[in-house]
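S.K.: Following this message is one structure expressed as C-alpha cells.
The values are calculated or read from the model by the stated rules, or taken from the named source; none is laboratory data. Given the structure is predicted, the values throughout are model-derived calculations rather than measurements. Counting neighbours? That spans all protein chains shown, and the Cβs are built from the backbone with ideal geometry, glycine included.
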Amino acid sequence: MGEGQKQGEGPKEQNRPHFAHKSEEEFARILDFYGIRWEYEPRSFPLKWDESGRVVESFTPDFYLPDFDLYIELTTLKQSLVTKKNRKIRQLRKLYPEIRLKIFYGRDYRYFAWKYGLAPARNSRGGSDGLNV
C-alpha cells in the first residue's frame with residue numbers, strides 16, 4: 001500500500017508515496033475517490049538472472065489492487081520506452097502466467113484522465129475537443 005496506508009483506506013496526503021510520474025499520483029487520487037484499496041510498487045518480479053543467479057532485470061508494476069488481485073501499469077512514456085516496457089511485460093507474462101496485469105498506454109490514460117476531469121482530451125492536431133484521444 002502507499003506509505004502509511006492502512007488496509008481499507010486511501011493514503012493520507014502527508015503519507016503519500018513519492019510517485020515517479022504525475023499520472024501515477026492522479027491515478028492514486030481516482031482510486032482513493034472510489035474507495036479502491038491500492039499499493040504503490042509493492043513488488044518487483046525478477047525477469048532475468050546472470051550465470052550466478054543474481055537478478056539483472058526485473059519489472060515493478062505501478063499499482064496493485066488487492067481486492068481485485070490485479071496489477072496496473074501506466075505507460076505514458078515515449079514510444080521507444082514503451083517498446084522496452086512491452087518486452088518486459090511479455091517476459092513477465094511468460095514467467096508468471098498467474099499474475100494479472102492491466103496496462104494503460106498513453107492514449108488509454110489520456111482518455112481516462114479526460115473522462116475523470118483531470119485533463120482535456122487532445123485531437124491529432126493537439127487541440128482539445130473532448131472526443132479524439
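S.K.: Considering 84, 88, which residue is at pLDDT below 95 and either surrounded by fewer than 12 Cβ atoms within 10 Å (Cβ to Cβ) or part of a loop (DSSP other than H, G, I, E, B) (or both)?
M.R.: Only one candidate qualifies: 84.
S.K.: Consider residue 78 against the criteria (1) surrounded by fewer than 16 Cβ atoms within 10 Å (Cβ to Cβ); (2) farther than 28 Å from residue 15 by Cβ; (3) modelled with pLDDT of 95 or more: it satisfies all of them except one. Which criterion is unmet?
M.R.: (3)
S.K.: Just to be sure I understand the filter: pairs with C-beta atoms under 8 Å, separated by 6 or more residues or on different chains, first member in the stretch 34-46 and among the hydroxyl-bearing types (Ser, Thr, Tyr), second member part of a loop (DSSP other than H, G, I, E, B). Which pairs pass?
M.R.: Going by the 8 Å Cβ cut-off, the qualifying pairs are 40/1; 40/2; 40/3; 40/17; 40/19; 40/62; 44/60.
S.K.: Sticking with this structure for a sec: Could you pull out the residue among 37, 16 that is at pLDDT 95 or above and surrounded by 14 or more Cβ atoms within 10 Å (Cβ to Cβ)?
M.R.: 37
S.K.: Using the structure shown, decide if residue 55 is modelled with pLDDT of 90 or more and of a type in the set (Val, Ile, Thr).
M.R.: Yes.
S.K.: I need a count of the residues in the stretch 40-74 that are assigned to a strand (DSSP E or B) and either touching a His at 6+ places or on another chain (Cβ under 7 Å) or surrounded by 19 or more Cβ atoms within 10 Å (Cβ to Cβ) (or both).
M.R.: To start, the set of residues in the stretch 40-74 that are assigned to a strand (DSSP E or B) comprises 40, 45-49, 55-59, 63-65, 70-74.
Then keep just the ones that are either touching a His at 6+ places or on another chain (Cβ under 7 Å) or surrounded by 19 or more Cβ atoms within 10 Å (Cβ to Cβ) (or both); that gives 40, 47, 59, 63-64, 71-72, 74.
Matching residues across the stretch 40-74 total 8.
S.K.: If you don't mind, there's one more thing I want to ask. Does at least one position in the stretch 99-115 carry a residue that is in a loop (DSSP other than H, G, I, E, B) and modelled with pLDDT of 75 or more? Reasoning before the result, please.
M.R.: Here is the first cut: in the stretch 99-115, the residues in a loop (DSSP other than H, G, I, E, B) are 99-100.
Narrowing further to those that are modelled with pLDDT of 75 or more: 99-100.
Checking the stretch 99-115: at least one residue is in a loop (DSSP other than H, G, I, E, B) and modelled with pLDDT of 75 or more.
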